[in-house]
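Before any comments, here is the structure.
The values are calculated or read from the model by the stated rules, or taken from the named source; none is laboratory data. Not measured: the values here are computed from a predicted model. Neighbour counts run over all protein chains shown; Cβ positions are idealised from the backbone, glycine included.
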Amino acid sequence: MSGALLQWARSLVGGLPRTYWVLWVGTMINRLGSFVVPFLALYLTRERGYTVEQAGLVVSLHGAGVVIAGPLGGTLADRVGRRITLAGGLWLGAAGMLFLGFAREPLWIAVAAFTLGIVGDLYRPAVSAAVADVVPPGDRTRAFGLLYWVVNMGVAIALPLAGLMTRFGYVLLFVVDAITTFLYGCCIWLLLPETRPTTRPAGEPRSAGPHAAVGALLAPFRDPVFLAFGLPVFVVALLFFQGHMALPVDLGQRGLTPAQFGTVLAINGVLIVVLQPFTGRVLGGMRRAVALAVATGLTGLGFGLHVLSDTMGLAMLAVAVWTLGEIAHAPVAPSVVADLAPTELRGSYQGAYHMLWGLASCAAPALGGLLLGRFGATTLWLGCLVLGCAAAVWHLAIAEARRRRMDALRAVRSDVSAILD
């Protein structure tokens, strides 16, 4: 039994380079203090006296900053390097966290939320690009899965802890989040070498100058295969970010305390920690389009089940269902982006992917707050169910075009994975 367990553990973590593990450990440090964004809506409504609609708009301003951070961080990762983009973005993010935590006037809270969205997410495309740089194509899905696993292991610990820490004041959440973010930046600066490729496959032109930078920034949005893939990803992100705004407010209106909400949402992190390591073989035996369709459908179903979340048990059940969708989606989607991206534009493509999540984080709180405030929880959660099912069908509809693109890329490039789409 112990031998089989050891063999499984080696198959899970073996073959990944030291550079990858620097990113993995730094992410763990950061996520152990990831308190602010999931509790931002509660902070605004309970500590600052905002209405649901006002809180939704401020959280959306944070999302608007994230929209800018995606392509900006991706372009910086390609032009000036992964290491400086990572460390600089994390240090700026720590400062932005303190800015928001100590802002008191509504204007400065809005400015701080927008600023934090930009500087706090600059590092994300660089992380994904660095993983694609150092991990062999066949191991990328596993590497992205392990990275997402450690994110949620940290979140599973951080969320209930944050719920308890609110008893001592919300400012403490901002301070601890800033400290762990700063430490992540120090870890990157001291231990991570530059990973940006210095050579390119034959046939990929070298770009230089401001026009080339703009072209690199726009390249993913001129790629019809990437855009078709991005649409259902955006829908999944819209659903996911209801957990940051509409869900805590809805559960609060149903009588759950911040500590109880933290416990409910911790189910998400706990299930990912327990189940994510076992999903590699299941996902490895599926075409990526099918895996993404299943993931999207489960996400829609899970959020749809929140229409029944009148008790902690039912709320936990709904979170468990959409978590299964998240577990399947998280490692597969960025591996698709890594394969679609030209070598010298990995940061830009990952930045565009993160921009979709930023757009969703901008639109979802305002949309969710509007639907919840004016039409009620039933309309919001059933709408999530319909959107999730439609996006799942779309993933299957676009599969053939991406398969043709991947087959063409594999014929001329060695850094494209052999996983079938």
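Values as computed for the structure displayed
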| quantity | calculated |
| --- | --- |
| Test: residue in the stretch 338-346 that is farther than 23 Å from residue 225 by Cβ and among the aliphatic types (A, V, I, L, M) | no |
| Any hit, the stretch 104-112, residues being among the small types (Gly, Ala, Ser), without any contact (Cβ under 8 Å) to a residue 24 or more places away in the chain and buried (at least 19 other Cβ atoms within 10 Å of the Cβ) | yes |
| Residue that is aliphatic (A, V, I, L, M), more than 21 Å from the chain's Cα centre (by Cα) and modelled with pLDDT of 85 or more, where the choices are 44, 12, 23, 61 | 44 |
| Matching entry among 133, 121 (being at pLDDT 85 or above, buried (at least 24 other Cβ atoms within 10 Å of the Cβ) and within 20 Å of the chain's Cα centre (by Cα)) | 121 |
| Test: residue 352 is touching a helix residue (DSSP H, G or I) at 6+ places or on another chain (Cβ under 6 Å), surrounded by fewer than 22 Cβ atoms within 10 Å (Cβ to Cβ) and touching a residue at least 12 places away in the same chain (Cβ under 8 Å) | no |
| The stretch 239-267 - residue that is within 20 Å of the chain's Cα centre (by Cα) and surrounded by fewer than 24 Cβ atoms within 10 Å (Cβ to Cβ) and, of those, farthest from residue 320 (Cα to Cα) | 244 |
| Members of the stretch 42-79 found to be out of contact with any Pro (no Cβ under 9 Å at 6 or more places or on another chain) and not in a helix (DSSP H, G or I), listed by number | 49, 51 |
| Of all residues making up the stretch 136-152, the number that are over 14 Å from the mean Cα position of the chain (by Cα) and assigned to a helix (DSSP H, G or I) | 7 |
| Residue count for the stretch 164-175, restricted to those that are assigned to a helix (DSSP H, G or I) and out of contact with any Leu (no Cβ under 9 Å at 6 or more places or on another chain) | 6 |
| Unique match (being part of a helix (DSSP H, G or I), modelled with pLDDT of 85 or more and either in contact with a Ser or Thr (Cβ under 7 Å, 6 or more places away or on another chain) or within 18 Å of residue 42 (Cα to Cα) (or both)) among 247, 265 | 247 |
| Single match in 221, 168 (criterion: under 24 Å from the mean Cα position of the chain (by Cα) and at pLDDT 80 or above) | 221 |
